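Report on one structure; see the data block that follows.
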Amino acid sequence: MDYYFNQTLLSIPPSASLAVSEKAKKLKAEGVDIITLATGEPDFDTPALARIAGIGGIASGHTHYNGALGLPALRERIARKLNEENGIQCAAENIIMAPGGKFAIYETIRALVTPAAGDEVMILNPAWVSYGPIVTASGAVPVNVALDFEHNYKITRDALEQHVSDKTRAIIVNYPNNPTGCILSQEEAEILADFALEHDVILIADEIYERIVYDGAKSVSLASIPRIADRVVTINGFSKSTAMTGWRLGYVCAPLPIIRIIALLSQHAISCLSQFSMEAALAALDCEQDIKAMTESYLHRRNFFVDGLNAIPGVTCHVPQGAFYAWAKVDLDGKDSFAIADYLLDEARVAVVPGDSYGLGGDCCIRMSFATAKSDLREALSRMDTAIRKMNGGK
Ligand SMILES: Cc1ncc(COP(=O)(O)O)c(C=O)c1O
């Protein structure tokens with residue numbers, strides 16, 4: 001059978017981080033002793049209160065369709081959280097639930113662009129591997145804006161101006177950032193605000209790692225800036241902050257006209273989220289102690305791992321201020337990031353994600369998750385140290 005496929009989807013590459021994880025899994029299954037630092041997932045269980053609430057929902061028979069926007073009580077509670085913790089003035093009507101942050105981003109882009117109109121969406125790079133494919137799948141054109149390692153990926157007006165056109169509809173901004181661990185400063189937020197106003201574009205702020213920040217730092221929520229509040233869409237969810245990746249819980253907070261359009265797509269594409277999942281999410285919003293304990297544990301491992309990386313000759317790693325990734329530049333006999341990742345997998349048996357998978361600005365970089373057992377981090381450091389010294393002539 002000669003199948004006819006959607007030509008746009010055919011142009012999308014598979015996810016690089018999933019590809020590395022799959023390769024590592026296969027080697028593990030063959031008995032090779034691999035340490036995987038490639039997966040972007042908390043290594044904690046979902047907080048007990050949330051799990052119990054989910055079980056309670058199932059036991060009570062909350063296993064039917066419910067509204068496309070999400071449970072009213074959950075949307076109320078999220079709105080309260082965004083007001084109190086993020087300085088975002090919103091009400092329950094500004095919130096729509098989505099099956100994961102990923103789908104929340106997809107429906108937002110779908111709401112803002114028209115396929116075949118040549119609409120463009122700017123993406124600050126390095127960027128999470130799915131933004132480009134989501135923009136493409138939505139029928140728009142992703143435009144990568146390179147930020148650079150040497151300046152720790154600071155946003156500049158210059159970088160933005162170089163990539164804007166009269167087709168630009170939106171910019172995707174992700175802080176705390178996957179993969180770099182950078183957070184958004186007030187100064188950078190103001191640059192984005194001025195730029196968005198001047199060019200009449202929407203800012204899509206993916207704040208999925210917002211609760212995972214270190215050293216008392218706080219990443220600015222763009223929607224908290226009053227002069228741009230009507231042009232910011234905030235994406236958040238429960239996967240990372242409350243270790244609920246498998247529950248598929250994300251949300252969009254946006255001005256009402258945008259929510260209405262997203263709700264149309266939601267009604268026809270997903271109907272609703274499962275009620276018991278949302279009941280678990282409602283409980284998770286009150287699991288403050290669990291969130292604190294997880295973040296403290298990441299902090300401890302961040303310090304240990306980043307110090308260890310910087311002690312390896314040829315490796316430079318800025319200290320991440322948020323999320324749970326170490327993003328390091330590796331000087332390995334001139335190899336590019338794909339060759340570095342391949343070498344580390346073959347020689348050190350450590351799986352990492354090549355920096356070039358995250359678009360521009362990731363040359364010779366690799367991303368490693370420190371949401372990994374400390375014993376594995378220790379062993380991975382030792383193996384990478386030996387392998388990198390070997391390649392670099394024992395330096
Ligand atoms: C930056 C970023 N945004 C969004 C997501 C999506 O998370 P989920 O769909 O699990 O809520 C991820 C997951 O890796 C991510 O890293």
- Task: Return yes when Ile35 is touching an Asp or Glu at 6+ places or on another chain (Cβ under 7 Å) and under 29 Å from Ala323 (Cα atoms) and no when it is not.
- Result: yes
- Quick check, is Leu309 within 23 Å of Lys26 (Cβ to Cβ), over 22 Å from the mean Cα position of the chain (by Cα) and buried (at least 16 other Cβ atoms within 10 Å of the Cβ)? no
- Single match in Ala50, Ala117, Ala68 (criterion: among the small types (Gly, Ala, Ser) and closer than 22 Å to Ser266 by Cα): Ala68
- What pairs can you find where one residue is in the range 171-184 and touching a residue at least 40 places away in the same chain (Cβ under 8 Å) and assigned by TED's automatic domain parsing to the domain that holds Ile228, the other is more than 9 Å from the ligand (Cβ to nearest atom) and among the basic types (Lys, Arg), and their Cβ atoms are less than 9 Å apart, with a gap of 6+ or different chains? Asn178/Arg367; Pro179/Arg367; Thr180/Arg367; Gly181/Arg302; Cys182/Lys154; Ile183/Lys218
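Select from the range 143-182 the residues that are among the charged types (D, E, K, R) and farther than 30 Å from Thr295 by Cβ and list them in ascending order. Talk me through it step by step, then tell me what you get.
If we filter the range 143-182 for residues that are among the charged types (D, E, K, R), which is where we start, we get 148, 150, 154, 157-158, 161, 166-167, 169.
If the condition is that a residue be among the charged types (D, E, K, R) and farther than 30 Å from Thr295 by Cβ, then Arg157, Asp158, Glu161, Asp166, Lys167, Arg169 are the ones that fit.
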- Some residue of the range 89-112 being free of Cβ contacts under 8 Å to residues at least 24 places away in the same chain and within 16 Å of the ligand (Cβ to nearest atom): no
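Which strands (runs of 3 or more DSSP E) does the range 311-395 wholly contain that include 2 or more residues that are among the aliphatic types (A, V, I, L, M)?
325-330, 365-369
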- Which condition does Pro142 not pass, out of (1) within 16 Å of the ligand (Cβ to nearest atom); (2) touching a residue at least 24 places away in the same chain (Cβ under 8 Å), if it passes all the others? (2)
- Out of curiosity, is Pro42 within 16 Å of the ligand (Cβ to nearest atom), farther than 26 Å from Thr242 by Cα and not small (Gly, Ala, Ser)? no
- Message: Report every pair of residues separated by at least 6 positions or lying on different chains whose Cβ atoms are under 6 Å apart, first residue within the range 44-61 and more than 12 Å from Ala281 (Cα to Cα), second assigned to a helix (DSSP H, G or I).
- Response: Phe44/Met294; Ile58/Phe276
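Results for (1) buried (at least 24 other Cβ atoms within 10 Å of the Cβ); (2) of a type in the set (A, V, I, L, M); (3) outside the structural domain of Ala280 (by TED's automatic domain parsing); (4) away from the ligand (no atom under 11 Å from the Cβ), shown as yes or no for each residue.
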site	(1), (2), (3), (4)
Val201	no, yes, no, yes
Gly216	no, no, no, yes
Ser224	no, no, no, yes
Arg227	no, no, no, yes
Arg231	no, no, no, yes
Ser239	no, no, no, no
Thr245	no, no, no, no
Leu249	yes, yes, no, no
- Would you check which residues across the range 42-70 are within 23 Å of the chain's Cα centre (by Cα) and over 30 Å from Ala373 (Cα atoms) and list them? Leu69, Gly70
- Note on the structure: By residue number, the members of the range 3-49 that are among the β-branched types (Val, Ile, Thr), part of a loop (DSSP other than H, G, I, E, B) and over 19 Å from Glu379 (Cβ atoms) are Ile12, Thr46
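The values are calculated or read from the model by the stated rules, or taken from the named source; none is laboratory data. Keep in mind it's a predicted model, so treat the numbers as computed, not measured. Don't worry about glycine lacking a Cβ; one is built from the backbone with ideal geometry, like all the others, and counts go over all protein chains shown.
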